[in-house]
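All of the numbers you see were taken from the coordinates with simple rules; none came from a lab. Just so it is clear, the structure is predicted and the values come from calculations on it, not from any experiment. All Cβ positions, glycine included, derive from the backbone under ideal geometry; neighbour counts span all protein chains shown.
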Amino acid sequence: MDQLPNMRLTTQRQIILEELGKVTSHPTANEVYDMVRKRLPRIGLGTIYRNLELMAESGIILKLEVGGTQKRFDATVEKHYHIRCTDCGRVDDVDIEVQEKINQIAAESCEYKILGHHIEFSGICRECSTKKPSIH
Ligand SMILES: [Zn+2]
Ligand SMILES: [Zn+2]
């Protein structure tokens, strides 16, 4: 991955990036903290938060625009879609082609210059669907 010129990757950020790149689970800041702490035992949660936000702003990582209460992060910055389990909240990638046509459709029905779109699918993950149904 090319390093962005406007952001020097500190050792901390390098390690955050490496750990984030190892998983496809779109971890929350707390989960990233648990992973990074194994390599940098002295790092604080606040530092992790700050670095994740900065890295997301610089486009090195992706801050997920998905529902749910906690922000999630992704080392895959190329455009792709996500699906969220409405039961346990896990987020996975949906490996389908990016639908560029949808921008055009939107452009034709509103007076905006369309810059992009976000699609979040929702569903029940395999683990949750094999669980015994709970009574709500
Ligand atoms: Zn689930
Ligand atoms: Zn993703």
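List of remarks:
- Close amide H contacts of Tyr81 (hydrogens built in the peptide plane, cut-off under 5 Å, sequence separation of 5 or more or a different chain): Val94, Ile96.
- Relative to the current alpha-carbon distance between Gln70 and Thr24, full extension at 0.36 nm per residue lengthens the span by 14.9 nm.
- Rounded FRET efficiency, nearest 0.05, which uses the C-beta distance separating Glu120 from Arg42 and R0 of 30 Å: 0.25
- Sites Cys128 and Val77, calculated FRET efficiency, Cβ-Cβ separation with R0 30 Å, nearest 0.05: 0.60
- Net charge contributed by nearby residues that have their C-beta within less than 15 Å of Val91 (K/R +1, D/E -1): -3
- Pair Arg90, Thr10: separation of 7 Å Cα→Cβ label points (nm): 3.3
- Candidate lysines for bridging to Lys38, where Cα separation is under 24 Å - those fewer than 8 sequence places away on the same chain excluded: Lys22, Lys63, Lys71
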